[in-house]
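Contents: one structure, followed by commentary.
Taken together, the values in this text are just the output of simple stated rules run on the coordinates, not laboratory data. What you see is a predicted model, and the numbers here were worked out from it, not measured in a lab. Positions of Cβ are generated from backbone atoms using ideal geometry, with glycine treated the same way; all protein chains shown enter the neighbour counts.
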Amino acid sequence: MSLTARIGELSPYLRLLRPELYYMDLTLPASSAILASYLATGGLPEILPFLIAVIGGFAAITSSYVFNDCCDIDIDTINLPGRPLPSSRVSKNSALLYAGLLLLIAGTAAAYLNPESLVVLFIAAATITIYSIFAKRNTFLSFVPVGISYGLVPIGVWLAFDPAGILKGSDGVILPLPAICFGLMMCVSDWAFTLGGVSRDVEGDRLKGAPTMPVTFGIPFTARFVTFWWIVGVIASVIIGWSAHLGPVFFAGALASGLWMLTQCFDFIRHPTPERGGALFLNGSNYRAIMFGSMILDVVLCIYLGSYTSILW
């Protein structure tokens, strides 16, 4: 049975969480927690805080998906009529409550782990709300707040395992370089990731008056813009590994998946269609999941094989 068919059999409430993106949405907070703990303590995080961070991060990410769907019912009726809200399998009020519940779970997890993580969550939630309610219907730069919001996800998780100390007296180091690079990589790659999906949705956005980049400048221009930011994102992923002194497993995974991702981008430039943009959207999710997974595996090897990183460093 195909992935599409399996997704179609899921509860509409599970489908609201974008099951096609689960791998990325779980490995992002997991890799952030593991890398932060490794650089701060030399070991893996304790299991309970780690699970809370992964669940909280996943809930934060997916709450934004549900809330965005509530704001885009009219557009999705044209572009994606099979989704739970436009197909009336879930009411808008129920979906709003669902988004609020997910955000509450994320907030509870953040507050338990570190109040600084909770502050970051508030900023990220406010930023993505600006996108869903205002920016998408008013500017072709609507992708900017999306990237900022998702760039804050690894920062919020990082602070749970390597606090900045701002609320209790800072030691002068708010975030180490790998954490800053992680957030920037997520931000710029999410600009590209989001615009791939927006290219898929160009028809509905145009009919409903949403001046997205593909509507305003066309898909060919957007394809080149997307490719530029994916190139920056792949380079940033390598800088994360360099700044954290990771080993060859991470670099092999990041470079192999990154080069594969760029071939998909160049194919999008050659075939600038809504369908290819939608495929690139899923390609971007898979690329980042592989890169995050490579990071997790590499850190585990660094911990249990102490001389492992000396291959590169």
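So LEU259 passes all but one of these: (1) in contact with a helix residue (DSSP H, G or I) (Cβ under 7 Å, 6 or more places away or on another chain); (2) part of a helix (DSSP H, G or I); (3) closer than 30 Å to MET213 by Cα. Which condition number does it fail?
(1)
Among the listed residues PRO86, PRO81, identify the single one that is closer than 18 Å to GLU20 by Cβ, surrounded by 17 or more Cβ atoms within 10 Å (Cβ to Cβ) and over 22 Å from the mean Cα position of the chain (by Cα). Reasoning before the result, please.
Working: PRO81 fails: surrounded by 17 or more Cβ atoms within 10 Å (Cβ to Cβ).
When all the criteria are applied, what remains is PRO86.
Would it be correct to say that LEU102 is crowded, with 20+ Cβ neighbours inside 10 Å and part of a helix (DSSP H, G or I)? Before you say what the answer is, go through the steps one by one.
Values: crowded, with 20+ Cβ neighbours inside 10 Å: yes; part of a helix (DSSP H, G or I): yes.
Spelling it out, LEU102 is indeed crowded, with 20+ Cβ neighbours inside 10 Å and part of a helix (DSSP H, G or I).
Output the number of the condition that SER94 fails; it satisfies all remaining conditions of (1) surrounded by fewer than 19 Cβ atoms within 10 Å (Cβ to Cβ); (2) of a type in the set (Ser, Thr, Tyr); (3) under 21 Å from the mean Cα position of the chain (by Cα).
(3)
Where residues in the stretch 227-259 are over 28 Å from GLU203 (Cα atoms) and among the aromatic types (Phe, Trp, Tyr), which of them is surrounded by the most Cβ atoms within 10 Å (Cβ to Cβ)?
Among those that are over 28 Å from GLU203 (Cα atoms) and among the aromatic types (Phe, Trp, Tyr), it is PHE250.
Among the residues of the stretch 130-150, are any of a type outside the set (D, E, K, R), assigned to a helix (DSSP H, G or I) and within 15 Å of SER117 (Cα to Cα)?
We begin by selecting, within the stretch 130-150, every residue of a type outside the set (D, E, K, R); these are 130-135, 138-150.
Within this subset, residues satisfying the condition of being assigned to a helix (DSSP H, G or I) are 130-133, 135, 143-150.
If we keep only those that are within 15 Å of SER117 (Cα to Cα) too, we end up with 149-150.
Yes, there is a match, as at least one residue in the stretch 130-150 is of a type outside the set (D, E, K, R), assigned to a helix (DSSP H, G or I) and within 15 Å of SER117 (Cα to Cα).
Would you point out which residue out of ASP205, ASP190 is part of a helix (DSSP H, G or I) and over 18 Å from ILE290 (Cα atoms)? Walk me through it before giving the result.
On the way: ASP190 fails: over 18 Å from ILE290 (Cα atoms).
The unique qualifying residue is ASP205.
Is at least one residue of the stretch 55-72 surrounded by fewer than 20 Cβ atoms within 10 Å (Cβ to Cβ) and more than 22 Å from the chain's Cα centre (by Cα)?
Checked against the condition, which is being surrounded by fewer than 20 Cβ atoms within 10 Å (Cβ to Cβ) and more than 22 Å from the chain's Cα centre (by Cα), the stretch 55-72 yields no hits at all.
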